[in-house]
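Here is the structure we will look at, set down as structure tokens.
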């Protein structure tokens, strides 16, 4: 049984890596990040819906949460656009190597 579960996890991980590499070559990085963020938000909303008491889910609270979420996403997009969206760690073509100091 242990061998079967381990083999199953290895096969599913390998499949995930292969599909991720293929999708990463065909989809823009920004689309992948936004897709992952939206899935994360969806799971968070589902978790809140399942675990919070029903009396909290009034229409005003739901609308307020959606407005807050939309405003947050708008600000994130605006700040990202202002900064250029992508900030490289080092200029293209330059590779920083960590060299130990001998002091």
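For the reader, a short list of remarks on this structure follows.
Conditions (1) modelled with pLDDT under 85; (2) farther than 29 Å from residue 19 by Cα; (3) loosely packed, with under 10 Cβ neighbours inside 10 Å, marked per residue:
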site: 39; (1), (2), (3): no, no, no
site: 68; (1), (2), (3): no, yes, no
site: 71; (1), (2), (3): no, yes, no
site: 76; (1), (2), (3): yes, no, no
site: 94; (1), (2), (3): yes, yes, yes
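- Boolean, residue 15 is loosely packed, with under 10 Cβ neighbours inside 10 Å and in a helix (DSSP H, G or I): no
The values are calculated or read from the model by the stated rules, or taken from the named source; none is laboratory data. Predicted model only: the values in this text are computed from it and were never measured. Positions of Cβ are generated from backbone atoms using ideal geometry, with glycine treated the same way; all protein chains shown enter the neighbour counts.
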